[in-house]
1. Residue-wise, which Karplus ³J(HN,Hα) couplings in Hz belong to region 9-24, taking 6.51 cos²θ - 1.76 cosθ + 1.60, θ = phi - 60°, and x for glycine or proline?
2. Under 5 Å between amide hydrogens, which residues at least 5 positions from Gly132 or on another chain qualify, with H placed 1.01 Å from N in the peptide plane?
3. Please turn the phi angles of region 138-155 into ³J(HN,Hα) values with the Karplus equation 6.51 cos²θ - 1.76 cosθ + 1.60 (θ = phi - 60°), one per residue in order, whole Hz, x for glycine and proline.
4. Report the paramagnetic label zone for His161: residues of region 135-149 whose backbone N is under 17 Å from a point 7 Å from Cα along the Cα-to-Cβ axis.
5. Once the Cβ-Cβ distance between Gln143 and Ser111 is put in as r, and R0 is 25 Å, what FRET efficiency do you end up with, to the nearest 0.05?
6. Could you order peptides 96-109, 143-156, 115-128 by the average number of other Cβ atoms within 10 Å of their residues, highest first?
7. What base-10 log of the normalised intensity I(q)/I(0) is obtained for region 81-166 from the Debye formula, alpha carbons as equal point scatterers, at q = 0.10, 0.16, 0.25 Å⁻¹?
Amino acid sequence: MSTDGESQIIKLQEQLALCQRELAQVRRQQEDAAEAGSADARAAESLRQISTRLAKHLDRAESVAGPRGWVKRRLLSTLPRPQEDADLAVLRSSKLMNGPWYLRRYPEVVSSGLSPALHYLRKGASEDKDPGPAFSTARYRAQHPDLPAGMNPVVHFHANHPGTAS
């Protein structure tokens, strides 16, 4: 491999490590805010801005990377998509979503790179995982056969019971 190719790989690895550290920090901040029950819009906006900057940084790393799209698929897939923001806000403000409990109950979630709320939104509910000890996904589905396909049970619960358990 040429020296230029090796230096690009080293730069990419450094950028990837930086992105991973920044992403871990953003996730910790998001989870801390959610656990504290913080509804501070400025903090949420700040985290969105950090996520946007991180996405731009990853786009630059992709152009250095060689195999186009690898960095984007690997790291950006762990960030919430804009269409998930509203459902994530419901989950994070819900007393039914218990992030630390979720990670203890389903330790494989840690290796997914997703936050507990994002994992439950994207995968956990469809796998009948429970978001916390106070809510059974499978029981809720059984009691609500009208639950629209693809709708998260906790989000559905809060839509039909405003002000409850949040």
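Bear in mind that the values in this text are calculations on the coordinates, not laboratory data. Computed from a prediction, not measured in an experiment: that's the story for all the values here. Quick reminder, even Gly has a Cβ in these numbers, built from the backbone with ideal geometry, and neighbours come from all protein chains shown.
1. With the stated coefficients, region 9-24 comes to 5, 4, 4, 4, 5, 5, 5, 5, 4, 4, 4, 5, 5, 4, 5, 4 Hz.
2. Asn98
3. 4, 5, 5, 4, 5, 7, 10, x, 7, 4, x, 4, x, 7, 6, x, 5, 4
4. 135-148
5. With a Förster radius of 25 Å, E is 0.20.
6. Working: 96-109: 16.7, 143-156: 13.9, 115-128: 21.3.
Descending mean neighbour count gives 115-128, 96-109, 143-156.
7. For region 81-166, the Cα-only Debye profile gives -0.21, -0.55, -1.40.
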